[in-house]
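This report concerns only the one structure given below.
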Amino acid sequence: MYPESYVKSGKLDEVAGLAKKIETTIVTGYKDDQNLDRSFIVNADGEVILDRAKTPENDNLYMPSKAIDQQANMGYLLCREVFQGEEGLPTEDQYDIIFNPIGVGMFSEEQFVEWTSEARKIAKSRKALVIGASHADGSYRNCGFSIPIAYCFDEEGQDVLVSHNDTRSRMIDTNLRKVEVLEYSMS
């Protein structure tokens, strides 16, 4: 999974080709030709299984917010849609994993707590893994301050990963519930 608006719209075919080549699902977001944020999931066969606009603030959660592939029933909450997840995700749907790509980091410690608390609540209520990640630099409209975050909560709302102001990449094994920090050497 990658943060919101991570991929350029002109590169979506390449993302689909990569997913097929490495035989894995890719979850991300992109900005469309009108510069609007969209959700995007392509499966291991290179097929787009979810592509929808981001829900405007104060609207009901756009559907579909679920995609099914051979591996899992996936929910999708793009950025602040996490705050609509409890009401917006259909209650009759089963989810194995719910993704929350985030465009920017948090603007305060209080926002970080509020955001992760909401994601944890959704994990418990939907009995699903919930995974979220923001961009590493956290920049947004020259705000001057942003805390990059990443998290994963299990079906009971327990921490698998909570990363706060740490820009290292991580790989989560969703079966074993193990997290590996990816260290890169520039040599």
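The values are calculated or read from the model by the stated rules, or taken from the named source; none is laboratory data. Bear in mind that the values here come from a model prediction, so they are computed numbers and not experimental data. Virtual Cβ from ideal backbone geometry, glycine too; neighbours counted across all protein chains shown. Side chains are part of the model used for accessible areas, which takes the heavy atoms of the whole protein and leaves out ligands, DNA and RNA. Shrake-Rupley method; radii C 1.70, N 1.55, O 1.52, S 1.80 Å.
Which condition breaks for GLY29 when tested against (1) small (Gly, Ala, Ser); (2) in a loop (DSSP other than H, G, I, E, B); (3) at pLDDT below 90? So the condition that GLY29 fails would be (2).
Condition check: in contact with a strand residue (DSSP E or B) (Cβ under 6 Å, 6 or more places away or on another chain), open to solvent by less than 20 Å² (accessible area, probe 1.4 Å) and among the charged types (D, E, K, R). Does ARG52 satisfy that? Yes.
Being open to solvent by less than 30 Å² (accessible area, probe 1.4 Å) and without any contact (Cβ under 8 Å) to a residue 60 or more places away in the chain is the filter here; which residues of region 13-31 pass it?
Let us first name the residues in region 13-31 that are open to solvent by less than 30 Å² (accessible area, probe 1.4 Å), namely 15-16, 19, 26-30.
Within region 13-31, VAL15, ALA16, ALA19, ILE26, TYR30 qualify.
Open to solvent by 80 Å² or more (accessible area, probe 1.4 Å), of a type in the set (Asp, Glu) and either in contact with a helix residue (DSSP H, G or I) (Cβ under 9 Å, 6 or more places away or on another chain) or not in a helix (DSSP H, G or I) (or both): does that describe GLU81? Here the answer is no, as GLU81 does not meet what is asked. Going by the structure shown, is GLU92 out of contact with any Lys or Arg (no Cβ under 9 Å at 6 or more places or on another chain), part of a helix (DSSP H, G or I) and open to solvent by 80 Å² or more (accessible area, probe 1.4 Å)? No, not satisfied.
The residues in region 116-134 that are within 28 Å of PHE145 (Cα to Cα), surrounded by fewer than 24 Cβ atoms within 10 Å (Cβ to Cβ) and of a type outside the set (A, V, I, L, M) can be counted, and the count is 5. Scanning region 101-115 for residues that are loosely packed, with under 14 Cβ neighbours inside 10 Å and assigned to a loop (DSSP other than H, G, I, E, B) yields one hit, SER108.
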